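Trainee: Submitted below is the structure of interest, expressed as structure tokens.
All of the numbers you see were taken from the coordinates with simple rules; none came from a lab. Just so it is clear, the structure is predicted and the values come from calculations on it, not from any experiment. Cβ placement follows ideal geometry from the backbone for every residue including glycine, while neighbour counts extend to all protein chains displayed.
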Amino acid sequence: MNIDNLINKDKSIPTHEHHGGEIYKLNSTSQILDFSTNINSFFPYHLIRHSYIDSIHEISKYPDTYSTDLRRELVNYFNNKIDLKNLIVGAGSMDLISIFCDTFVNLNDEIIICQPTFSEYSWAVRKKKGKIINVYRKPYNDFAINSDAIINKITSSTKVIFICNPNNPNGSIDNPHELKKIVKIASENDVLIFLDEAFIDFTGESNSFVSYINTFNNLVILRTFTKFFGIPGLRIGYAISSYNIIDLLNQFQNLWSVNSVAQNVAKSILKMKDYISRTINFFSEEIKFLSFQLSQIPGLKIYPTNCNFFLINLRKTGLTASKLQTSLLKDNILIRNCTNFDGLNEYYVRINIKTRDLNLKLLNSIRKIIN
Ligand SMILES: Cc1ncc(COP(=O)(O)O)c(C=O)c1O
């Protein structure tokens, strides 16, 4: 039987790109220090033990499809600036990217993606056969957003603009005036803005665009428990938008997709206010320390970040990302080779920020290789 004859008529199968954290692909994983992800692996997991174990009582029944208790907790978390009807919870934010595209993207709709960025927006758009229009950030200006270039690309066929803020892989916060300008002009042109704030927790809520939800009804904000709260394995994220949009997204979501353990644990995490402020302070100190230390290594170009990772350009060292990655693996360190990001090249790597001891270990290995 020829399966190829049964799949998508035009055979344009959307393939996934490689990502950080693919540690399971290595032969021996036990000793590896994984600096390739952008997940905070220092979350105090013991503090969620109770909610995790208590969830055992829930797993004999289907979970609440609408994650009502968790949404209530989120309304509290956002100090009642939003309400239950502004929220949808997904099995990871990836689930919501996919649901969003299922809901809004049709054949040949023009979808603007602000590159280089998380590659799965493109995947979800290609799956729906939308037409991708890539607009690149400014590499010569630390990958600042190019709002004029984005606005110039809006046509009568534009449906959505995807922006990640802070952006993966560079990690810095976009200028809020530039962002607001894009949201406003998009709104005037009936274009949706999909604003991925997966990393905003590292910078503090004041940088979030959640407060604009009631001003701009074209805005969809994506959030996740994966990055700052370090629970990628539980698969839980959420989106915030206008009632109409949330209502539509609900129609396209599979029933019961968010499991009850994830819902319970996420609820308990939102109450950990102390942890949240301590973690923001911790990373802002480590960012200062590491950016200074890395900048002392000849040839490295370090991009400013507000998150738990750094993008680095190796070109002036003469090393490629692949060469540095292979050399660091000899010291059991895995970093992210960023060659496959649309808009980057073979000289870019991304490293995760960890505790001081581990950061020093990484620094020493990089110094040794580059010297
Ligand atoms: C910018 C960004 N958004 C969303 C995701 C998806 O995360 P999750 O599905 O675990 O919430 C990722 C994962 O790497 C990401 O980098």
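Trainee: Using 0.36 nm per residue, how much length does the chain from Met1 to Arg367 gain when fully extended, once their Cα-Cα distance is taken away?
Mentor: Additional length available on full extension: 126.2 nm.
Trainee: What is the distance in Å between the Cα centres of the range 317-371 and the range 267-300?
Mentor: Each part reduced to its Cα centre gives a spacing of 19 Å.
Trainee: Related question: From the backbone phi of the range 193-204, what are the Karplus-calculated ³J(HN,Hα) couplings (6.51 cos²θ - 1.76 cosθ + 1.60, θ = phi - 60°) in whole Hz, Gly and Pro given as x?
Mentor: 3J(HN,Hα) across the range 193-204, in whole Hz: 10, 9, 9, 8, 9, 4, 10, 5, 4, 5, 9, x.
Trainee: While we're looking at this one, here's another question. Suppose we flag trypsin sites (Lys or Arg not before Pro) only when DSSP calls them loop and at most 12 other Cβ atoms lie within 10 Å. Which is the longest uninterrupted stretch of the chain?
Mentor: The longest uninterrupted stretch comes out as 62-329.
Trainee: Going by C-beta contacts inside 10 Å, put Tyr243, Tyr121 in order with the fewest on the left.
Mentor: By the 10 Å Cβ count, ascending: Tyr243, Tyr121.
Trainee: Looking only at Cα atoms, what is the convex hull volume of the range 48-269 per residue, in Å³?
Mentor: Working: hull volume 24.8 nm³, N = 222.
Value for the range 48-269: 112 Å³ per residue.
Trainee: Could you tell me whether the range 172-238 comes out rounded, prolate or oblate from its Cα gyration tensor? Rule is a ≥ b ≥ c as square roots of the eigenvalues, rounded for a/c under 1.5, then prolate if a/b exceeds b/c, otherwise oblate.
Mentor: Here the range 172-238 falls in the prolate category.
Trainee: If you don't mind, there's one more thing I want to ask. Out of residues 5 or more away from Ser172 or on other chains, whose amide H comes under 5 Å of its own, with H placed 1.01 Å from N in the peptide plane?
Mentor: Residues meeting the criterion, in which the H sits 1.01 Å from N, are Asn167, Asn306.
Trainee: Extending each Cα 7 Å along its Cβ direction at Glu285 and Tyr66, get the distance between those two points in nm, one decimal.
Mentor: Label at Glu285, label at Tyr66, 4.4 nm between them.
Trainee: Which residue, Ile240, Ile312, Ile13, tops the fluctuation ranking in a GNM of the chain built on C-alpha contacts under 10 Å?
Mentor: Among Ile240, Ile312, Ile13, the largest GNM mean-square fluctuation belongs to Ile13.
Trainee: Now a separate question. Using 0.36 nm times the number of residues separating Gln31 and Ile59, minus their current alpha carbon distance, what extension gain do you get?
Mentor: Numbers: separation 28, 0.36 × 28 = 10.08 nm, distance 3.41 nm.
Full-extension gain reported as 6.7 nm.
Trainee: Suppose the chain between Glu17 and Ser295 were pulled fully straight at 0.36 nm per residue; how much longer would it get relative to their current alpha carbon spacing?
Mentor: 97.1 nm
Trainee: How many nm separate the modelled label positions at Asn217 and Asp357, each set 7 Å beyond the Cα in the direction of the Cβ?
Mentor: Between Asn217 and Asp357, the label points sit 5.5 nm apart.
Trainee: Within the range 202-224, what residues put their amide N at less than 20 Å from the label point 7 Å along the Cα-to-Cβ vector of Asp247?
Mentor: Residues passing the 20 Å test: 213-221.
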